[in-house]
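The block underneath contains the structure these notes are about, expressed in structure tokens.
The values are calculated or read from the model by the stated rules, or taken from the named source; none is laboratory data. Just so it is clear, the structure is predicted and the values come from calculations on it, not from any experiment. Cβ placement follows ideal geometry from the backbone for every residue including glycine, while neighbour counts extend to all protein chains displayed. To get the accessible areas, we keep the full protein, side chains included, count just its heavy atoms, and leave off ligands, DNA and RNA. Shrake-Rupley method; radii C 1.70, N 1.55, O 1.52, S 1.80 Å.
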Amino acid sequence: MAEMITPTSRCIEEEISGNITVVGKQAIGEDVTLNLVIRNMTTKSKVITADIKVYSILYTRKEINELHKETRNIKLRGCEEREEPLTITYAQYDGLLTADNAIEVTFVCSYEPVVGTLIIQTNIVLDNPKFEIKIKEPVHMNKPVNAEVVFTNPLNQVVSDIVVTAEGSGLLRDPITVKGGSVKPNETIKIPLTITPYKFGSKHLLVDLNSDKFKNAKGFIEVEVHKPAEKNSASSI
């Protein structure tokens, strides 16, 4: 999470300050909960106007989809610090994130008659669901071996259009793609893969899992590839 706090005038900087704290999990399928911590820096009571904007963004910070927008009036006594909660539900961002899973939250705070604003902004990157990669047998060079991707759906919705792409130097000459179908909430799907290593030694099998609910979930497993077993020739007497 990256946070930026920008006062646009010295006057507003002397009146109020603030920051953002994120509460709970930061993962696809979970509500995003955070608090604006706003502080009155003087002994005089005041009403802060907070304009709130939430967008899905690219890694370049370009805004893509508006997820939430509102204005709040926050009353503060002299020298008071207050937490103002904000929740972005899964329903609000479902299907609207980019492949970067990034959300930008901006509070623009002002206080009349003081000139200027206090801009408090944070970027939140949500974690993709996890999956396992399993190989249950010894791996030998030039011999096909079975692997599987095991995914348990943590969302409260069906995850569809599952596609797995696997690659790995020394394990696969070209990437392979396998369709996995769909999986209901809390159910597990196993997606089989077949690899034929062409080099021996320690290798990495890299897997990318995509679906209609999330993109670019990544995982890997280290694979020890053994040399081909030598054939024993009968000795002549």
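Evaluation of Asn186 against the conditions (1) open to solvent by 30 Å² or more (accessible area, probe 1.4 Å); (2) on the phi < 0 side of the Ramachandran plot; (3) not charged (D, E, K, R) shows that the sole unmet condition is (2). How many of the residues in segment 189-228 are open to solvent by 80 Å² or more (accessible area, probe 1.4 Å), of a type in the set (D, E, K, R) and assigned to a strand (DSSP E or B)? Number of matching residues: 4.
Within the bounds of segment 134-141, is there any residue that is farther than 30 Å from Met4 by Cβ, touching a Phe, Trp or Tyr at 6+ places or on another chain (Cβ under 6 Å) and in a strand (DSSP E or B)? No. Ala99 satisfies every condition listed in (1) open to solvent by 40 Å² or more (accessible area, probe 1.4 Å); (2) within 13 Å of the chain's Cα centre (by Cα); (3) at pLDDT 95 or above except (3). Residue count for segment 34-61, restricted to those that are open to solvent by 40 Å² or more (accessible area, probe 1.4 Å), in contact with a strand residue (DSSP E or B) (Cβ under 9 Å, 6 or more places away or on another chain) and either within 15 Å of Tyr93 (Cβ to Cβ) or not hydroxyl-bearing (Ser, Thr, Tyr) (or both): 8. List the pairs whose first member sits in segment 162-185 and is closer than 20 Å to Lys199 by Cα, whose second member is acidic (Asp, Glu) and assigned to a strand (DSSP E or B), and whose Cβ atoms are under 7 Å apart, counting only residues at least 6 apart or on separate chains? Listed by first residue and then by second, the contacts come to Pro175/Glu167. For segment 1-27, a tally of residues being of a type outside the set (A, V, I, L, M, F, W, C) and open to solvent by 70 Å² or more (accessible area, probe 1.4 Å) returns 6. Within segment 103-110, one or more residues are under 16 Å from Glu13 (Cβ atoms) and open to solvent by 10 Å² or more (accessible area, probe 1.4 Å). Taking the conditions (1) under 31 Å from the mean Cα position of the chain (by Cα); (2) at positive phi in turn, Cys79 satisfies each one other than (1).
Considering only segment 165-177, I want to know if a residue exists there that is touching a Phe, Trp or Tyr at 6+ places or on another chain (Cβ under 6 Å), within 29 Å of Tyr93 (Cβ to Cβ), outside any loop (DSSP other than H, G, I, E, B) and modelled with pLDDT of 95 or more. No, there is no match, as no residue in segment 165-177 is touching a Phe, Trp or Tyr at 6+ places or on another chain (Cβ under 6 Å), within 29 Å of Tyr93 (Cβ to Cβ), outside any loop (DSSP other than H, G, I, E, B) and modelled with pLDDT of 95 or more.
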